[in-house]
Amino acid sequence: MTVLSTDARSRHAADFIDDGALHALLASAAPEPSRVRQIIAKAMAKQALSVQETACLLNAEDPALVEEIFAAARELKRTVYGNRVVLFAPLYIGNDCVNDCRYCAFKRSNKDAVRRTLDGPALREQVEALEARGHKRLILVFGEHPRYSPQFIADCVRQVYGVRVGHGEIRRVNINAAPMDQDGYRAVKDAGIGTFQIFQETYHHDTYARMHPRGPKADYLYRLDGLSRAMEAGIDDVGIGALFGLYDWRFEVLGLVSHALFLQTHYGVGPHTISFPRLRPAAGVTLDERWFVSDRHFKRLVAVLRLAVPYTGLICTAREPAELRREVMAMGVSQIDAGSRIEIGGYTEAGDAQVMQREQFCLGDMRSLDAVIGELLADGHIPSFCTACYRLGRTGEHFMEFAIPGFIKRFCGPNAVTTLAEYLIDYASEATRSAGWAFIERELAGMDEKTRQQVREKLDRIARDGDRDLYF
């Protein structure tokens with residue numbers, strides 16, 4: 001049943017999260033192996049799973065069945081996305097915030113937080129530093145505060161796109177910011193944003209209320225409806241996410257799948273990405289460890305999400321330690337950040353340290369972009385900075401037409417090669433450059449003759465003529 005919020009901002013929002021129904025699914029008996037295998041087969045046919053089917057995978061505890069789920073997730077990742085991993089970096093613009101989220105160092109009651117907002121020359125300096133490292137894709141992160149208006153965010157986006165140093169340029173700017181009304185979304189869309197990302201944090205109603213006691217974020221339904229308003233305003237690439245460790249990880253997985261199915265049903269397009277960060281230590285925050293997610297369960301949730309939403313990009317952030325990120329890369333993750341700094345001004349000021357008073361949480365993986373790329377190549381993944389789909393209109397429903405049947409990797413593989421070549425020429429260390437070119441030759445050998453010839457022509461233009469941003 002649709003429940004309407006009593007808050008004026010969200011009185012028309014549909015509450016599609018039924019806590020009782022999700023708990024009942026998770027309380028079901030362990031499924032028969034045959035049922036689990038039927039569901040795996042459906043996922044392998046690139047069909048999205050229902051909430052009930054996802055719960056069945058979550059309730060499977062037999063070690064042999066869990067291994068079958070892992071193996072299927074690995075195979076589905078290869079089938080849909082190939083061996084590519086898309087790279088990006090977060091850029092924190094400001095940490096002023098009117099909310100008081102119990103788990104976040106940006107909360108308004110944290111008197112030790114050093115408040116700061118980047119704009120003008122300070123923002124340009126950070127973008128130049130990111131471009132000098134080789135980044136092409138950013139996500140701009142904002143606290144929730146009146147100063148971070150849609151117009152302010154749009155102005156930041158335009159400034160980022162306008163920074164060009166040598167071959168350096170940012171080709172894709174995604175946004176993580178407070179929910180807006182439709183006019184606000186239209187303003188940021190006009191600036192040329194890519195994905196607009198909103199984390200529900202927790203889909204469990206009581207936990208949500210307890211974690212968000214004050215501020216605009218206290219309105220569960222206004223936040224839940226945030227991406228629906230975005231899509232109604234014309235933003236067709238949206239990202240959902242939950243912060244794992246606030247409540248039962250299995251419930252949050254079902255919440256994410258419920259959200260994905262709701263968007264798919266009502267707007268014809270599921271989320272472009274799903275994020276699943278775990279709680280991390282932060283200044284001024286005392287964490288309740290009751291719902292912390294173990295590494296073993298973290299790997300399971302990644303595998304189950306990959307099977308449940310085959311067409312959706314899965315993001316594993318640098319909150320996680322390097323070795324765990326390495327494991328889940330093969331299990332379904334298709335995007336990671338690298339060389340990340342989450343302090344305001346951290347790309348020029350923090351060095352290798354973490355400045356607790358200026359960051360939202362602690363990072364688990366602080367390796368450089370070059371080091372991460374080197375490891376990806378060693379593990380058989382091709383690092384990609386590709387942004388072609390967004391410039392060619394392969395977004396929203398059009399992206400799904402390619403992604404759901406698995407056709408998208410026909411473009412992703414060649415574009416990953418050309419963007420990697422740019423990085424190798426312009427930014428890579430000698431060791432990464434050598435490994436990268438050898439990897440590219442192996443990728444070319446696996447392509448059909450026509451595609452191989454087309455890619456070689458673009459590589460020649462990149463290496464010989466200095467051309468950049470060549471894509472399929």
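The values are calculated or read from the model by the stated rules, or taken from the named source; none is laboratory data. Values in this document were obtained by computation on a predicted structure and should not be read as measured data. Virtual Cβ from ideal backbone geometry, glycine too; neighbours counted across all protein chains shown.
Output yes when any residue across region 315-338 is charged (D, E, K, R), over 11 Å from F70 (Cα atoms) and either in contact (Cβ under 8 Å) with a residue 60 or more places away in the chain or outside the structural domain of R280 (by TED's automatic domain parsing) (or both), and no when none is.
Scanning region 315-338 turns up at least one residue that is charged (D, E, K, R), over 11 Å from F70 (Cα atoms) and either in contact (Cβ under 8 Å) with a residue 60 or more places away in the chain or outside the structural domain of R280 (by TED's automatic domain parsing) (or both).
So for region 107-119 (the condition being at pLDDT 95 or above, crowded, with 16+ Cβ neighbours inside 10 Å and of a type outside the set (D, E, K, R)), does at least one residue qualify?
Yes, there is a match, as at least one residue in region 107-119 is at pLDDT 95 or above, crowded, with 16+ Cβ neighbours inside 10 Å and of a type outside the set (D, E, K, R).
Considering only region 435-471, state which residues are of a type outside the set (D, E, K, R) and farther than 15 Å from H381 by Cα. Write out each step before concluding.
First, the residues of region 435-471 that are of a type outside the set (D, E, K, R): 435-440, 444-447, 451, 453-455, 459, 462-463, 466, 470-471.
Of everything in region 435-471, those that are of a type outside the set (D, E, K, R) and farther than 15 Å from H381 by Cα turn out to be A445, M447, T451, Q453, Q454, V455, L459, I462, A463, G466, L470, Y471.
Tell me which helices (runs of 4 or more DSSP H) are completely within region 145-212 and hold 3 or more residues being of a type outside the set (D, E, K, R) and in contact with a Pro (Cβ under 8 Å, 6 or more places away or on another chain), or say none if there are none.
Working: elements: 150-162, 182-190, 205-211.
In region 145-212, the matching helices (runs of 4 or more DSSP H) lie at 182-190.
Checking the condition in contact (Cβ under 8 Å) with a residue 12 or more places away in the chain, closer than 25 Å to A260 by Cβ and of a type in the set (D, E, K, R), which residue from R124, R172 passes?
Numbers: R124 fails: closer than 25 Å to A260 by Cβ.
Only one candidate qualifies: R172.
If you take the residues in region 328-340 that are of a type outside the set (G, A, S) and at pLDDT below 95, which one is nearest to L305 (Cα to Cα)?
So the residue we want is M331.
Say we look at region 286-298 and pick out the residues that are under 16 Å from F361 (Cα atoms) and more than 24 Å from the chain's Cα centre (by Cα); which of these is surrounded by the most Cβ atoms within 10 Å (Cβ to Cβ)?
Here the residue is D288.
Do you know which of the residues in region 69-88 that are aromatic (F, W, Y) and either crowded, with 23+ Cβ neighbours inside 10 Å or more than 13 Å from V328 (Cα to Cα) (or both) is modelled with the lowest pLDDT?
Y81
For residues that are aliphatic (A, V, I, L, M) and under 24 Å from the mean Cα position of the chain (by Cα), scanning just region 98-134, find the one that is farthest from F152 (Cα to Cα).
The residue in question is A132.
Just one of (1) surrounded by 20 or more Cβ atoms within 10 Å (Cβ to Cβ); (2) at pLDDT below 95 trips up L246, so point out which.
(2)
How many residues does region 199-212 contain that are under 14 Å from the mean Cα position of the chain (by Cα) and surrounded by 22 or more Cβ atoms within 10 Å (Cβ to Cβ)?
1
The conditions are (1) modelled with pLDDT of 95 or more; (2) part of a loop (DSSP other than H, G, I, E, B), and L376 fails exactly one of them. Which is it?
(2)
Looking at the structure I just gave you, is L91 assigned to a strand (DSSP E or B), in contact with a Leu (Cβ under 8 Å, 6 or more places away or on another chain) and crowded, with 23+ Cβ neighbours inside 10 Å?
yes
Name the one entry in I336, I274 that is of a type in the set (A, V, I, L, M) and more than 28 Å from D18 (Cβ to Cβ). Reasoning before the result, please.
Working: I274 fails: more than 28 Å from D18 (Cβ to Cβ).
One residue alone meets the criteria, I336.
Residue check: is F292 at pLDDT 95 or above, in contact with a Gly (Cβ under 6 Å, 6 or more places away or on another chain) and within 28 Å of H212 (Cα to Cα)? Talk me through it step by step, then tell me what you get.
Working: at pLDDT 95 or above: yes; in contact with a Gly (Cβ under 6 Å, 6 or more places away or on another chain): yes; within 28 Å of H212 (Cα to Cα): yes.
Yes.
Name the residues in region 191-231 that are free of Cβ contacts under 8 Å to residues at least 40 places away in the same chain and touching a Ser or Thr at 6+ places or on another chain (Cβ under 9 Å), would you?
Result: Y208, single match.
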